[in-house]
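Inspection log for the structure reproduced underneath, given as structure tokens.
The values are calculated or read from the model by the stated rules, or taken from the named source; none is laboratory data. The model shown is predicted, which means the values in this text are computed figures rather than measured ones. Cβ coordinates were reconstructed from backbone atoms using ideal geometry, including for glycine residues, and neighbour counts include every protein chain displayed. In case anyone asks, the SASA skips ligands and DNA or RNA and just uses the protein heavy atoms, side chains included. Shrake-Rupley method; radii C 1.70, N 1.55, O 1.52, S 1.80 Å.
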Amino acid sequence: MNTPLLDVRGLSIRIAGTPRDLVEDVSFTLSAGETLCVVGESGCGKSLTALALMGLLASPPLKVTGGTATLDGQDLLTLPRDQLQSLRGRRMAMIFQEPMTSLNPALRIGDQIAETVQRHQGVSAKEARARALEMLKRVRIPAPESRLDAYPHNLSGGMRQRVMIAMGLANDPALLLADEPTTALDVTIQAQILDLMRSLQSESGSAMILITHDLGVVAEMADKVAVMYAGRIVEMGPAAQIFEDPQHPYTIGLMSSMPALGERTERLVTIPGVVPQANHMPAGCRFAERCPFADATCMKTPPMQDVSTNHHVACWHAPLEAQTEVRASA
Amino acid sequence: MLSFIGHRLLVAIPTILLISVLVFFLQKLLPGDPVLALAGEDRNPEILEYLREKYRLNDPLYLQYFHWIGNALRGDLGISLRTQQPVLTLLAQKLPVTLQLATMALIIAVVIGIPAGILSAYHKGTWIDWLANVVALSGLSVPNFWLGIMMILLVSVKLGWLPASGYQPFSEDPLQSIRTMLMPAFVLGTGLAATLMRHTRSAMLGVLQSDYVRTARAKGLSEKVVVIRHALRNALVPVVTVITLLFGELLAGAVLTEQIFTIPGFGKLVVDAVFNRDYAVVQGIVLCTAIAFVLMNILSDALYRVLNPKMSDR
């Protein structure tokens, strides 16, 4: 097997001065061209994980307390600042959730894209501008020539997210991190943006980490899925397997809380209880409080176990057999 | 933009007229008789009456006002009771002095205040932030007259680096002119620098937390580019408003500082005029600085539009 493009091992993040990690022991690998969807409720540590990889954690108070994250053979978590800066925007790029506030309101669109090209490719201002125009065309912004000199407030949310994507891909990064890129957009626009991201990704062959809480997006985009709960990855595997054969009680709960088209039967299934607060993380399995299968063994932290070669789950009770019963009782 | 400025200038006219009414009538409420001040020891009633007639002080107040504002509109602000010079000439003499002092003080304030604000916001909670705040607080709390006197003692008397007082017109000897103005400008500027530093700091603190600064970092830009190009540009919008308003304030004359350094600007002129009940001069100065203030307000709004592309479309 080839060495993966990105290899994250045991990544842990905490707020300085608090006893427990917000993100604990997160590990995954990603190969070129692959899409990993990280799924979970808000506050489960999805965004923190991505920000840590980019070296953009708000530090202080947040800090990485352990682990490695290797991209191109370099550990992103210990890289000196100037080397990290030269990777950011060139080998890895990030698209954020809020297109309305993620572009600088005082700078023209074209300049904001050209800036990252000039920074990393060392080309002239004219060449950088030409590249910016090319990128605006690639993300299918209408009348791209005139948009170069537009300000962010002249554009709609969907157009701004296209600009963000153009900016992220301007230097053909090997890794694209997208943090809920469609959450703030209208549903029709969401589909367009996802289509665009997928086609651009297949053109460029870059790997993508797509953070979302929307299982519809996951079904659409993912090769691999990592399900996060309260700072830990609880289940990981190929998208098809996660959807067809979810093993962790939390994943099962997520799947059954997704409405499906068809005959309306019962009320939507919800997972009882709430996500634990960052400062009250339970010891042992963090899902135990809400889990219908929880027993005394769950007071210890469950290790990742293999369900099959690529499918892993962190649950003492896996593999679960009678899933239909679980769905009914959940 | 031009139509915006034109519109604002039109709207400013009633404001200025209202100010002129206030200036004129408030002054008439002041105790003391200008004619007595003018006549000095000689209290001969006939002379007093003659002077009253001459300066139309026997007319009803509203007639006096219309007479004054009518003349003012034609550029005639009256004659100084004291020096018998036209008020406009006096103002024209003092304006370059005050303008130079205000400009130099503002440059010093900007050069100190804005970088200090950036540094303390960027290094929030560290000793740099603490130091900048302590210096700013002392800049605000130390009275100008005390700092002025101390500086004269140290820089002029002890070290002999700069002249202690006096004024040299800029047009005659620019270098000497700057040298004489340096200390008073510094005294004024440090106080304003503290204000600017506080404003810059709070604006920068907000902007540095913003999503677009995070985006700039995600692009791999250096911290210098992130702070100057992406953060400062946006943080300056409110700070520029403060700068223009401070300039308006400076144009009103720095009374104490001008007294200490014996600089013949508006501040000194207005003090002399008040003590001598030289109504025409006081009215002229107040009207003039009020107009300067209104103009600075318009300039501030215009700059706000230039810096904030969102506004300039409208």
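The listed residues are A:L48, A:L133, A:L103, A:L77, and the only one of them that is at pLDDT 90 or above and at the interface with another protein chain (Cβ under 9 Å from one of its Cβ atoms) turns out to be A:L103. Here the stretch A:106-128 is the region considered, the condition is being outside any helix (DSSP H, G or I) and either aromatic (F, W, Y) or within 9 Å of another protein chain (Cβ to nearest Cβ) (or both), and the residue that is most open to solvent (accessible area, probe 1.4 Å) is A:R108. Picking from B:W146, B:W130, which residue would you name as being under 24 Å from the mean Cα position of the chain (by Cα), among the aromatic types (F, W, Y) and over 30 Å from B:G284 (Cβ atoms)? Matching residue, one of B:W146, B:W130: B:W146.
Whenever a residue of the stretch B:222-246 is open to solvent by 30 Å² or more (accessible area, probe 1.4 Å), its partners that are of a type in the set (F, W, Y) and part of a helix (DSSP H, G or I), lying with C-beta atoms within less than 7 angstrom and at least six residues away or across chains, give the pairs B:T241/B:Y304.
Every listed requirement among (1) touching a Leu at 6+ places or on another chain (Cβ under 8 Å); (2) part of a loop (DSSP other than H, G, I, E, B) is met by A:Q97 save one, (1). Those helices (runs of 4 or more DSSP H) of the stretch B:56-142 in which at least 3 residues are among the β-branched types (V, I, T) and within 25 Å of B:T244 (Cα to Cα), considering only elements entirely within it, cover B:87-122.
Candidates A:L53, A:L36, A:L71: the one that is open to solvent by less than 10 Å² (accessible area, probe 1.4 Å), touching a residue at least 12 places away in the same chain (Cβ under 8 Å) and more than 29 Å from B:L208 (Cα to Cα) is A:L36.
Matching residues to (1) in a helix (DSSP H, G or I); (2) at pLDDT below 90:
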residue: B:G148; (1), (2): yes, yes
residue: B:I152; (1), (2): yes, yes
residue: B:E172; (1), (2): no, yes
residue: B:I178; (1), (2): yes, yes
residue: B:T195; (1), (2): yes, no
residue: B:A203; (1), (2): yes, no
residue: B:V207; (1), (2): yes, no
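Among the numbered conditions (1) within 18 Å of B:S222 (Cα to Cα); (2) open to solvent by less than 50 Å² (accessible area, probe 1.4 Å), the only one that A:R131 does not meet is (1). Residue check: A:Q241 meets all listed conditions (1) open to solvent by 20 Å² or more (accessible area, probe 1.4 Å); (2) not assigned by TED's automatic domain parsing to the domain that holds A:V26 but one, namely (2). Scanning the stretch A:149-173 for residues that are away from every other protein chain (no Cβ under 14 Å) and open to solvent by less than 50 Å² (accessible area, probe 1.4 Å) yields a total of 3. Annotation: of all residues in the stretch B:38-55 being assigned to a loop (DSSP other than H, G, I, E, B) and on the phi < 0 side of the Ramachandran plot, the one that is farthest from the chain's Cα centre (by Cα) is B:N44. Restricting to the stretch A:298-308, count the residues that are of a type in the set (S, T, N, Q) and exposed (fewer than 13 other Cβ atoms within 10 Å of the Cβ). Qualifying residue count for the region: 1. Restricting attention to the stretch B:230-244, the residues being more than 8 Å from every other protein chain (Cβ to nearest Cβ) and either more than 16 Å from B:G113 (Cα to Cα) or not hydrophobic (A, V, I, L, M, F, W, C) (or both) number 4. Scan the stretch B:258-274 for residues that are part of a loop (DSSP other than H, G, I, E, B) and among the polar types (S, T, N, Q) and jot them down. B:T262, the sole residue that qualifies. Is there a residue being within 14 Å of another protein chain (Cβ to nearest Cβ) and either out of contact with any Lys or Arg (no Cβ under 6 Å at 6 or more places or on another chain) or surrounded by fewer than 16 Cβ atoms within 10 Å (Cβ to Cβ) (or both) anywhere in the stretch A:196-210? For the stretch A:196-210, residues within 14 Å of another protein chain (Cβ to nearest Cβ) and either out of contact with any Lys or Arg (no Cβ under 6 Å at 6 or more places or on another chain) or surrounded by fewer than 16 Cβ atoms within 10 Å (Cβ to Cβ) (or both): present. Scanning the stretch A:272-308 for residues that are of a type outside the set (K, R) and part of a helix (DSSP H, G or I) yields a count of 9.
Screening the stretch A:77-105 for residues that are in contact (Cβ under 8 Å) with a residue 24 or more places away in the chain and of a type in the set (S, T, Y) and picking the one that is most open to solvent (accessible area, probe 1.4 Å) gives A:S86.
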